[in-house]
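Notes to accompany the following structure.
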């Protein structure tokens, strides 16, 4: 059974394994994190947890029964009721609906736990899988831009507070 969990110190080793195992796969559609990210992973992980403690971001991992990380679902730059969603799913887990599940769950958390009213997200036009996930989870396109020479589409999703 898959579970979405808020990132904590216990995820460090599994998260590093996830990032290393999928580095080339992710680099096909998003800029590579670079060698320094992996060399300094422990410090980077601690910095993420410290930033999360301020409320400026909310990091989540999707884990399986063995504790392996299969996906990341992050809300960053939280301000004025809005945050930016970023997500990535392991190559071995792609095509199974995990991205849609994780995005739906993090949207519910954003609305119900973090009291956000809006999320934005972006994906390159080459990343058809992520574009499909965003469309199928209620995000609507709001504009195009270029990032590192790649055409990208920006999306927005309004979150309705449950009554």
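The values are calculated or read from the model by the stated rules, or taken from the named source; none is laboratory data. Please read these numbers as outputs of a predicted model, since none were measured by experiment. Neighbour counts run over all protein chains shown; Cβ positions are idealised from the backbone, glycine included.
Key figures for this structure:
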{"item": "Qualifying residue in region 69-89 (condition: outside any strand (DSSP E or B), in contact with a helix residue (DSSP H, G or I) (Cβ under 9 Å, 6 or more places away or on another chain) and either surrounded by 14 or more Cβ atoms within 10 Å (Cβ to Cβ) or at positive phi (or both))", "result": "no"}
{"item": "Scan of region 50-72 for residues that are more than 18 Å from residue 103 (Cβ to Cβ), in contact (Cβ under 8 Å) with a residue 40 or more places away in the chain and within 15 Å of the chain's Cα centre (by Cα), ordered by number", "result": "52"}
{"item": "Residue check for residue 156: surrounded by 16 or more Cβ atoms within 10 Å (Cβ to Cβ), free of Cβ contacts under 8 Å to residues at least 40 places away in the same chain, outside any loop (DSSP other than H, G, I, E, B) and over 14 Å from the mean Cα position of the chain (by Cα)", "result": "yes"}
{"item": "Region 91-122, subset buried (at least 20 other Cβ atoms within 10 Å of the Cβ), touching a residue at least 40 places away in the same chain (Cβ under 8 Å) and outside any helix (DSSP H, G or I), residue nearest to the chain's Cα centre (by Cα)", "result": "119"}
{"item": "Region 123-147, subset touching a strand residue (DSSP E or B) at 6+ places or on another chain (Cβ under 7 Å) and part of a helix (DSSP H, G or I), residue farthest from residue 73 (Cα to Cα)", "result": "131"}
{"item": "Some residue of region 38-56 being surrounded by fewer than 21 Cβ atoms within 10 Å (Cβ to Cβ), within 26 Å of residue 132 (Cα to Cα) and modelled with pLDDT of 95 or more", "result": "no"}
